[in-house]
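Participant: Take a look at this one; I'll ask things after.
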Amino acid sequence: MAEMLNVALPKGRLGDKVYKMFALAGFECPEMLEDSRKLVFENPEKQVRFFSVKPSDVAVYVERGAADIGVCGKDILLEYEPDVYELLDLKTGKCRMAVATRALFRDDPASTLVVATKFSHIAARYYASLGRDIDIVHLNGSIELAPILGLSDVIVDIVETGTTLRENDLHEIETIAPISARLIANKASYAFKKDLILRVQEAFREQVAEK
Ligand code: PRP
C-alpha cells in the first residue's frame, strides 16, 4: 500500500482555507467538502489522510507523530514550544499577541501586575524579559472580561480586528508578537516521508508567494 501523509487540520475557517491549499497542491480529498461530523477523511489515491482537530491541539498531534504535518497559529508554537519543525509561514490567519487594558488603568511599576490570559507561558516570558513581576490569572476564553470585572490589571490576548477590545472599552498598549498560520512537521516524519512533505512545502511556498 502506498505511504499516506497524515495531516492535522484545524477545525473552522483556517482549516477550510488550508484544505484548499492542499487540494491545489494535489492532495485533494472530496469527502472533506461534505457536511458531516466525521473527523478522519482520506483519499488513498492521493496518499493523504486529514484529521479535523481543535486548532490548539494541532501541535500535539504533530509533535507526537499522530499526524506527520499540520497547520497551526504561531501563538500555539510560542505558548507550548512543541518539538516540531516550523516549515513555512502561510501568511494567513494574521493577528497579533498584545497587551490591553482599560482606559483608566494607570500602571504602577513598583507593584505586581495582574495579567489575565489564555497564554500564560507567553505572558510569563514577555514580562520576565522586561524584569516585571506579574501574577497570572489563567482563563480559557472571554479574557476581555477580566479587567472589566477587576479580576486583572491587563490582558495578554490575540487581537485581530480590534473589535472585541473596542466593544469592551479596552485598548491595546503593547504588541508582543505578530501571529500567522504556520506549516509544521513531525521531526521523524520529516525524515521518513520527506518526499511527500517536501511536495506540500514547495507547493505551499509557491501559493504563498503568488498571493
Ligand atoms: C479571540 C481573542 C479575542 C478575539 C480577537 O477570541 O481571544 O477575544 O478573538 O478578535 P478581534 O480583534 O477581531 O475582535 P476567540 O473568538 O478565539 O474566543 P475566546 O474568547 O474563546 O478566546
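Every read-out reported here was derived from the displayed coordinates using simple, explicitly stated rules and does not represent laboratory data. If you're wondering where the values come from, they're calculated on a predicted model, not measured in any experiment. A quick note on method: Cβ atoms are made from the backbone with ideal geometry, for glycine too, and the neighbour counts reach across all protein chains shown.
Participant: Let's see if you can work this out: charge +1 on each Lys and Arg Cβ, -1 on each Asp and Glu Cβ, no other charges. What is the dipole magnitude of the chain about its Cα centre, in debye to the nearest 20?
Facilitator: Using Cβ point charges on Lys, Arg, Asp and Glu, the chain gives about 360 debye.
Participant: Obtain the nm distance between the two label points defined at Ser120 and Asp195 by a simple spin-label model: each point lies 7 Å from its Cα along the Cα-to-C-beta direction.
Facilitator: 4.6
Participant: Also: Roughly speaking, what is the stretch gain from Asp107 to Asp135, that is 0.36 nm per residue apart minus the C-alpha to C-alpha distance, in nm to one decimal?
Facilitator: 8.7 nm
Participant: Turning to a different aspect of this structure: Compute the length gained on full extension between Glu160 and Lys54: take 0.36 nm times their separation in residues and subtract their Cα-Cα distance, giving the result in nm to one decimal.
Facilitator: 36.2 nm
Participant: Under a GNM of the chain (C-alpha, springs under 10 Å), which listed residue has the highest mean-square fluctuation: Ser152, Ser129, Ser52?
Facilitator: Largest GNM mean-square fluctuation: Ser129.
Participant: If one computes the Cα centroid of segment 148-176 and of segment 26-65, what distance in Å separates the two points?
Facilitator: 34
Participant: While we're on this one: So which GluC sites (Glu not before Pro) in segment 1-95 pass both tests, a DSSP loop state and at most 12 other Cβ atoms within 10 Å of the Cβ?
Facilitator: For GluC sites (Glu not before Pro) across segment 1-95 that sit outside H, G, I, E and B with at most 12 neighbouring Cβ atoms in 10 Å, the list reads Glu3, Glu34.
Participant: What is the gain in length, in nm to one decimal, between His171 and Met4 on full extension, counting 0.36 nm per residue of separation less the C-alpha to C-alpha distance?
Facilitator: Net length gain for the segment: 55.4 nm.
Participant: Taking segment 52-97, which trypsin sites (Lys or Arg not before Pro) meet the DSSP loop condition and have no more than 16 other C-beta atoms within 10 Å?
Facilitator: Filter output for segment 52-97: Arg64, Lys91, Lys94.
Participant: Apply 1/(1 + (r/R0)^6) to the Cβ-Cβ distance of Val40 and Glu81, taking R0 = 41 Å, and write down the FRET efficiency to the nearest 0.05.
Facilitator: Efficiency, rounded to the nearest 0.05: 0.90.
Participant: Let me ask something else about it. With +1 on the Cβ of every Lys and Arg and -1 on the Cβ of every Asp and Glu, and nothing else charged, how large is the dipole of segment 95-178 about its Cα centre, in debye rounded to the nearest 20?
Facilitator: 160
Participant: Answer with one residue from Pro109, Phe27, Tyr80: the one whose Cα lies farthest towards the positive end of the charge dipole of segment 18-111, charges on Cβ with Lys, Arg +1 and Asp, Glu -1.
Facilitator: Going by the charge dipole, the pick is Pro109.
Participant: Taking a threshold of 23 Å on the Cα-Cα distance, which of the pairs Lys17/Lys211; Lys17/Lys74; Lys94/Lys211; Lys94/Lys187; Lys20/Lys211; Lys187/Lys211 fall above it?
Facilitator: Lys94/Lys187; Lys187/Lys211
Participant: Right, here's the next one. Amide H of Asp153: which non-local residues (sequence gap of 5 or more, or other chain) have their own amide H closer than 5 Å, using H built in the peptide plane?
Facilitator: Amide H neighbours of Asp153: Val114, Val115, Ala116.
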